[in-house]
Structure formats: structure tokens, C-alpha cells
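The values are calculated or read from the model by the stated rules, or taken from the named source; none is laboratory data. Note that the structure is predicted; figures quoted are calculated from it, not measured. Reconstructed Cβ throughout: ideal geometry from the backbone, glycine too, with neighbour counts over all protein chains shown.
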């Protein structure tokens, strides 16, 4: 949950309006609204966050911790997550070791054998949190227009998602908008696309059209000159376009479905 979503949750639980909280904290209501909806690029200042924590009864420095983490460069965050993963595995190994070594026959040699066995089972030397994939659209704002840059400067993504077994450095993710791709993809699901994977006829693809518009459709090559963009919901019509009208075609490789 983002900083803004947490603030909104605590504010609503406290029965406060945005006007009341903004007045207590000493900021404007529009600024508070932008914080809660994630429209500001960077987290608020530490002073503002401390005031919000006090007004809403947050655990001490909870918002500050999240803000400091958000300001941390992505590569440092990745390294931290890997270390946390390794630490969690080591704790699990120690807990299991202690529970199984009590009364172990064989004395020290038996304990040594158990330790070696647990180390192999844990595979603690190669933890992975998965690669960071830029999530390039907010679901309420639709698919991004004029999407042409696959180099992803740090400001392009609204958020990032972690995915294992994605080896395309240009992979990106979008939230599904609307119901045209139901029942396979529902509104709000996250789909990862791979620009360096060749799209085949019948693949579900993120499509960039001449002029900058984008869409998510199942794509068919019915002949050498045209592409048919087919929604999965039969209530929506297919669109047949000349090949030159499609300037980008990137197949879906992973779907992340929200269950609740």
C-alpha cells in the first residue's frame, strides 16, 4: 500500500475530512488530495509526514520510513530486498536447526550433518526478489498515449512490480483498463509485456498505433498486409488495420491477477 493510500485509510478511519486533516497539518486540501491519490512525484517533506502521523495516530515514524524508502534509488532498494530475503531464509534455517537438533543422536557429528543438510535445502546463497518492471499507467487514466520510449528514464513509471523469470531488460507492465479483454483479463489486472519477444499471430499484445494511441488486444495476422485487433469480449468489435498503421506490437508474458 502506498503512502497516500495509507494516509487516506487512516484519515477515513479517524472520521476526518480532507479539509479537517489539511487544516491540522498546515497544508492545503488540494495538496493533501494529491498526496492521497499519488499525483505528486516525490513524497512530502519529513515535517509534513510527522504532522500527519501525529494527527492520525500512526506508529512513530511509520510514514517517514516509507518515504525514505521511496526516495532510495531503485538499485539500492533492490539490494536491500535481496538482503532481507537472505536474512529471512537464514532465520528459517536457524529455527529449523534448533527444533530438530534437540536430542539429536550422534553428538557433534550428527549436528554437523544436520547443518549441512539444512544449508543445501535452504539455498541461501542465491535469493532473488525478481526484476523491477516499470508499471507505466494508472488504471484510472487509461493506456499511455504517445508511448514511444523503451529506455525508461526514472520518471516514466507510476510504480514498479517485481517479477521472477523476466529476462527482457525492456519489459514493462500496464494495468488492464475496461472489460474488453474479459474474461481472461479483468479491469485492474497487471500484465507484463516483452518488447524483445517476437509477437505471433493470436498473441495478446500491447499495441502502439501510428499517431501515438495505444491499446491492449489479441492480434491476428490474417494476411501479409493487415492486422486484426480482436477484443476477447464479443460485445466489442474487432478492428482491422494496415500493417504500417501499427508501430509497436509487444506480446504479453505474465498476468498478475488481483484476487481481492
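Before moving on, here are some points about what is shown:
- Filter pass, residue 212 being assigned to a loop (DSSP other than H, G, I, E, B) and either touching a residue at least 60 places away in the same chain (Cβ under 8 Å) or not assigned by TED's automatic domain parsing to the domain that holds residue 178 (or both): yes
- Qualifying position, being more than 16 Å from the chain's Cα centre (by Cα), outside the structural domain of residue 38 (by TED's automatic domain parsing), touching a residue at least 40 places away in the same chain (Cβ under 8 Å) and over 28 Å from residue 42 (Cα atoms), among 244, 182, 239: 182
- Identity of the residue in the range 50-82, farther than 26 Å from residue 134 by Cα and in contact (Cβ under 8 Å) with a residue 24 or more places away in the chain, that ends up surrounded by the fewest Cβ atoms within 10 Å (Cβ to Cβ): 57
- As for the range 33-44, it holds no residue that is assigned by TED's automatic domain parsing to the domain that holds residue 8, over 22 Å from residue 140 (Cβ atoms) and exposed (fewer than 12 other Cβ atoms within 10 Å of the Cβ).
- Index of the failed condition, residue 252 passing every other in (1) modelled with pLDDT under 95; (2) buried (at least 20 other Cβ atoms within 10 Å of the Cβ); (3) under 22 Å from residue 131 (Cα atoms): (1)
- Of all residues making up the range 3-22, the number that are within 21 Å of residue 60 (Cα to Cα), without any contact (Cβ under 8 Å) to a residue 60 or more places away in the chain and surrounded by 14 or more Cβ atoms within 10 Å (Cβ to Cβ): 8
- Of the criteria (1) touching a helix residue (DSSP H, G or I) at 6+ places or on another chain (Cβ under 6 Å); (2) surrounded by 14 or more Cβ atoms within 10 Å (Cβ to Cβ); (3) over 26 Å from residue 40 (Cα atoms), which one residue 175 fails: (3)
- Selected residue [at pLDDT below 85 and more than 25 Å from residue 168 (Cα to Cα)] from 128, 51, 99: 99
- Boolean, residue 218 is assigned to a strand (DSSP E or B) and touching a residue at least 12 places away in the same chain (Cβ under 8 Å): yes
- Single condition residue 188 does not satisfy, out of (1) in contact (Cβ under 8 Å) with a residue 40 or more places away in the chain; (2) more than 22 Å from residue 138 (Cα to Cα); (3) under 18 Å from the mean Cα position of the chain (by Cα): (2)
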